[in-house]
Amino acid sequence: MDNTSFKEVTKTDRFEILAMLREAKKRNGSVEFTYGDKILSSHFIELDLSGFQVIAEVDDVTLDSTFSMVIQGSTEKIEFDANLIAHSSAAHQLTFSFPSEIVITQRRSSVRVTIPEQFGFICEGRFRDGYVHRMVIKDLSSRGVQLICSETLPTLTKPGMLLKSMTLNLQNYGQYPVDLTLLNVKEITHFANSSTQSNYFSLACAFSKPSPTLTRRIEDVLMELTLDIKRLQRIR
């Protein structure tokens with residue numbers, strides 16, 4: 001990890017941890033964790049000093065098992081371990097112990113903005129299989145994008161590949177042709193509060209050799225987006 005771009009902070013005060021997790025719950029609401037060979041994503045149902053509860057459908061899970069949790073934020077990533085203390089198969093509810101510490105990885109630069117679904121930002125382009133893929137833009141920074149694909153990805157889709165001649169359709173904020181380098185790809189199973197399940201791929205991509213003009217324009221878009229999202233939050 002590039003220490004000039006990131007800063008790690010460990011928190012152990014229970015009330016400080018609770019405040020940070022509640023803020024993360026309000027802004028994002030979901031946590032990722034690994035179960036077997038799957039990456040699961042679920043919204044927080046309950047959260048207090050006794051622990052927290054999420055919805056997820058798992059089989060043969062053992063109480064006191066330790067799970068590694070990740071919450072992705074716009075400017076930080078929160079990681080912590082939690083032990084499973086209760087499991088309701090009928091309601092698909094998992095209850096975890098309150099973490100004794102959390103590790104926050106903060107970005108010093110290149111702020112990433114999580115895109116509200118109603119903005120409708122799309123990235124589209126032709127993959128090596130010849131099919132034109134349209135993917136939702138989950139977040140955007142001056143260095144790259146995170147994409148969500150609900151379709152089956154081509155077999156050759158793997159880290160390091162170049163996605164050429166893609167287009168970022170940022171609706172009222174403009175359209176931008178880009179080449180993207182795929183950094184990593186994760187298949188995620190997400191559980192909604194209603195216990196309904198959906199599967200998608202998360203693709204982390206970096207802009208490949210971006211021009212100074214593109215970088216400046218994306219930085220302008222990020223500033224406009226940040227202000228517009230804050231306005232929407234005040235209206236609500």
Taking the alpha-carbon set of the chain, what are its Rg and Dmax in Å?
-> 18.8, 55
Among all the aspartates and glutamates, which ones have a C-alpha under 15 Å from Lys164's C-alpha, if same-chain residues fewer than 8 places away are not counted?
-> Glu124, Asp129, Asp179
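How big is the convex hull of the Cα atoms of region 113-235, per residue, in Å³? Working shown, then result.
Details: hull volume 12.9 nm³, N = 123.
Looking at region 113-235, the number lands at 105 Å³ per residue.
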Cα convex hull volume per residue for region 6-107 (Å³) | 91 Å³
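In deg cm²/dmol and to the nearest 500, what is the mean residue ellipticity at 222 nm of the chain if only DSSP H runs of at least 4 residues count, each as -39500 (n - 2.57), divided by the residue total? Please report the intermediate quantities before stating the final value.
Details: 2 runs with 38 residues, N = 236.
Value at 222 nm, helices only, nearest 500: -5500 deg cm²/dmol.
What ranking do Met69, Met223, Met135 get, fewest neighbouring Cβ atoms within 10 angstrom at the top? All intermediate terms of the calculation are to be shown ahead of the outcome.
Details: Met69 19, Met223 12, Met135 25.
So the ranking, lowest neighbour count to highest, is Met223, Met69, Met135.
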Mind ordering 139-149, 47-57, 179-189 by average Cβ neighbours within 10 Å, highest first?
-> 139-149, 47-57, 179-189
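What list do you get for Ser30, Ser198, Ser208 if you sort them by fewest beta carbons within 10 Å?
Ser198, Ser208, Ser30
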Could you please report the charge total around Thr95, scoring K, R as +1 and D, E as -1 over all other residues with beta-carbon less than 14 angstrom from its beta-carbon?
-> -3
Sparsely packed chymotrypsin sites (Phe, Trp or Tyr not before Pro) within region 85-182, loop by DSSP, other Cβ within 10 Å at most 13 = Tyr131
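What pairs from Lys11/Lys158; Lys26/Lys158; Lys25/Lys209; Lys186/Lys209 go past 30 Å between their alpha carbons?
Working: Lys11/Lys158 35 Å; Lys26/Lys158 33 Å; Lys25/Lys209 35 Å; Lys186/Lys209 24 Å.
Cα-Cα > 30 Å for Lys11/Lys158; Lys26/Lys158; Lys25/Lys209; rest within.
Read-outs: derived from the displayed coordinates by stated rules, not from any lab. As the structure is a prediction and not an experimental result, all values here were calculated from the model. Positions of Cβ are backbone-derived with ideal geometry, glycine not excepted, and every protein chain shown enters the neighbour counts.
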